[in-house]
Amino acid sequence: MRSWSSSFVRRCVSNILGGLCDGLTHFSGTSRAALLLTLDRDSPMLVCDPQGLLKGHEPIFKSLYLDNQDWRRIDRLPDERDNFAEIIPAKDPGLAGLISCGGYSGSVFFQQWFTEHHPDICSIGPTSYWLEYAVWLLSHDLANNSDLYSNISGNFLKEYALHAVRDYIIDQMNRLLGWDTQLRIYPVLDALLIISETHEEGSWPLGRLLFVDPNMVDQLDFLVRYQENMRPRLIHYKHVRKLLLTVEHSDCYLVSNGQSILGICTEKNLPIFSLCADYQGRHGFLRVNGEAICSFSEGRFTSSSYRTKLVQLEELLLEYPLARDDAYSLYQMVIALVCHAQERNHGSTIILDMNPQPMRISGQPLKPPLDLRQPYLLNLAKSLAKVDGALQIGADLHLHGFASLLDGKSFPGEELARGARYNSALRFTAENDKVIAIVVSSDRPVSVMRQGIDFRAATPWGQRQGSVYPLETLEEWVKH
């Protein structure tokens with residue numbers, strides 16, 4: 001039986017966990033990862049959770065893996081330790097707020113990887129394949145002796161975004177079309193990213209570029225079809241970018257078979273598998289059969305749905321004595337204001353004044369205040385948000401002021417790397433307990449603040465490149 005406390009095992013686990021966190025952070029925003037591990041059938045269940053991702057789930061893990069040992073009873077497990085390639089999938093425990101993937105192999109009896117399920121994610125598909133690759137890499141690394149260990153698995157996972165997206169698409173395509181398809185995904189993904197960064201007369205690309213298997217082209221309802229000897233090549237990115245102008249602000253697609261541009265088609269009679277690059281300016285979405293699987297921006301793929309979901313704000317509003325309908329309405333008002341600011345690329349600050357009587361803030365007070373439950377007054381508030389200063393919204397769902405000037409004393413929690421809008425709001429909430437500030441920046445995620453804390457700020461998990469993280473038994477971990 002192998003020793004779970006050996007430095008080799010800890011180095012393998014730590015290298016993969018570090019690369020996984022780095023890669024997913026670039027893909028989805030600040031991301032943590034954790035692992036449950038059993039080296040041999042009779043070995044204890046181990047936990048590696050240096051960032052506290054699994055905290056709060058201790059009773060479930062105790063029930064699944066300590067009180068019940070059915071997970072150890074598996075047939076058809078390869079006996080050879082060097083048989084790392086055959087992975088038998090493990091059941092997903094289905095924990096709220098987490099994405100997981102695990103498996104059994106000859107070199108690692110059981111492993112289950114976890115990461116966060118971000119609320120604004122397009123699809124968990126690519127992330128799940130990321131975790132699946134982590135399972136395969138750990139199985140591979142622990143099949144070797146320490147003398148043969150290359151220490152590069154973490155680097156693979158750090159740069160795995162393109163491959164995770166491709167693997168997910170390939171799996172969907174093979175499931176619907178079988179293995180015999182001529183559509184090559186890597187060249188398609190490279191092309192759509194390059195086109196996304198190609199300006200035409202100073203404008204970002206708009207329109208939809210549809211990729212279909214060459215054998216299914218005849219199913220499409222073409223409005224325009226180029227002659228075979230006149231078809232533009234997909235690799236002529238500047239030309240393809242110009243052709244996108246023909247489908248801007250329309251329901252039509254520019255069509256490609258992965259090699260050439262074939263013409264323009266309607267939404268009718270689409271084949272059972274299609275891949276669409278939906279360009280929406282600075283960003284776009286990659287869709288499989290109409291469903292967004294990821295987005296792309298600045299030449300890289302991300303998981304963002306570009307739909308503001310301020311989960312932290314929802315949780316904070318629950319702490320105030322608001323009627324359920326009022327709390328929901330207040331949340332929806334903030335979402336509407338935030339989305340409007342983001343769509344028009346301007347910064348803004350929203351102050352939710354939860355005091356029984358709204359505070360007097362220097363700026364432009366409104367008397368009488370505006371009832372934001374009225375759609376036309378909410379639209380007016382969207383315009384007022386463009387003015388320098390903050391909107392002041394009370395717990396009564398009324399707008400009490402705009403262009404409000406926020407002040408406060410400097411304190412250790414502020415972030416000097418951010419701008420004046422951000423730090424002014426942070427200082428203001430630090431000095432006023434019953435105030436929530438929402439700050440929209442043109443180049444940053446939306447910030448939700450209370451009592452001098454930014455609840456959406458990147459958490460300093462303390463992860464360092466090259467760190468070796470501890471492994472502990474699940475039995476001891478659940479007691480903490």
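The values are calculated or read from the model by the stated rules, or taken from the named source; none is laboratory data. Predicted model only: the values in this text are computed from it and were never measured. Virtual Cβ from ideal backbone geometry, glycine too; neighbours counted across all protein chains shown.
Computed values, structure above
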item	result
Of residues in the stretch 285-326 being without any contact (Cβ under 8 Å) to a residue 12 or more places away in the chain and of a type in the set (A, V, I, L, M), the one nearest to Phe27 (Cα to Cα)	Leu318
Neighbours by Cβ (under 8 Å, 6+ apart or cross-chain): first from the stretch 42-67, surrounded by 17 or more Cβ atoms within 10 Å (Cβ to Cβ); second assigned to a loop (DSSP other than H, G, I, E, B) and of a type in the set (S, T, N, Q)	Pro50/Gln463; Pro50/Ser467; Gln51/Gln463
Test: Leu210 is touching a Cys at 6+ places or on another chain (Cβ under 6 Å) and surrounded by 14 or more Cβ atoms within 10 Å (Cβ to Cβ)	yes
Number of positions in the stretch 408-435 that are in contact with a Phe, Trp or Tyr (Cβ under 9 Å, 6 or more places away or on another chain) and in contact (Cβ under 8 Å) with a residue 40 or more places away in the chain	3
Test for Lys367: is it assigned to a strand (DSSP E or B) and surrounded by fewer than 14 Cβ atoms within 10 Å (Cβ to Cβ)	yes
Test result for Asp218, assigned by TED's automatic domain parsing to the domain that holds Gly281, touching a residue at least 60 places away in the same chain (Cβ under 8 Å) and farther than 26 Å from Ser203 by Cα	no
Number of the exception - Leu378 against (1) exposed (fewer than 15 other Cβ atoms within 10 Å of the Cβ); (2) farther than 24 Å from Glu319 by Cβ	(1)
Of the criteria (1) outside any helix (DSSP H, G or I); (2) crowded, with 16+ Cβ neighbours inside 10 Å; (3) touching a helix residue (DSSP H, G or I) at 6+ places or on another chain (Cβ under 8 Å), which one Gln112 fails	(3)
Residue that is nearest to Ala33 (Cα to Cα), among those in the stretch 115-136 that are β-branched (Val, Ile, Thr) and outside any helix (DSSP H, G or I)	Thr115
Candidates Tyr320, Tyr306, filtered to the one that is among the aromatic types (Phe, Trp, Tyr), under 25 Å from Ile453 (Cβ atoms), surrounded by fewer than 21 Cβ atoms within 10 Å (Cβ to Cβ) and outside the structural domain of Ser128 (by TED's automatic domain parsing)	Tyr320
All positions within the stretch 265-287 that are closer than 17 Å to Gln219 by Cβ and either buried (at least 21 other Cβ atoms within 10 Å of the Cβ) or under 18 Å from the mean Cα position of the chain (by Cα) (or both)	Cys265, Ser274, Leu275, Cys276
Selection within the stretch 221-233 - in contact with a strand residue (DSSP E or B) (Cβ under 7 Å, 6 or more places away or on another chain) and either over 10 Å from Leu262 (Cβ atoms) or of a type in the set (S, T, N, Q) (or both)	Asp221, Leu223, Arg233
Filter result (more than 15 Å from Gly363 (Cα to Cα) and not aliphatic (A, V, I, L, M)) within the stretch 379-393	Asn379, Lys382, Ser383
Selected residue (only one of Ile335, Ile350 is outside any helix (DSSP H, G or I) and surrounded by 15 or more Cβ atoms within 10 Å (Cβ to Cβ))	Ile350
Per-region count, the stretch 388-417, residues out of contact with any Ser or Thr (no Cβ under 8 Å at 6 or more places or on another chain) and not in a strand (DSSP E or B)	12
Only one of Leu137, Leu131, Leu148 that is surrounded by 15 or more Cβ atoms within 10 Å (Cβ to Cβ) and either within 25 Å of Arg307 (Cα to Cα) or modelled with pLDDT under 90 (or both)	Leu131
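Residues checked against (1) surrounded by 15 or more Cβ atoms within 10 Å (Cβ to Cβ); (2) among the hydrophobic types (A, V, I, L, M, F, W, C); (3) not assigned by TED's automatic domain parsing to the domain that holds Gln342:
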residue: Ser383; (1), (2), (3): no, no, no
residue: Phe402; (1), (2), (3): yes, yes, no
residue: Glu414; (1), (2), (3): yes, no, no
residue: Leu426; (1), (2), (3): yes, yes, no
residue: Thr429; (1), (2), (3): yes, no, no
residue: Asn432; (1), (2), (3): yes, no, no
residue: Ile438; (1), (2), (3): yes, yes, no
residue: Ser441; (1), (2), (3): yes, no, no
residue: Met449; (1), (2), (3): yes, yes, no
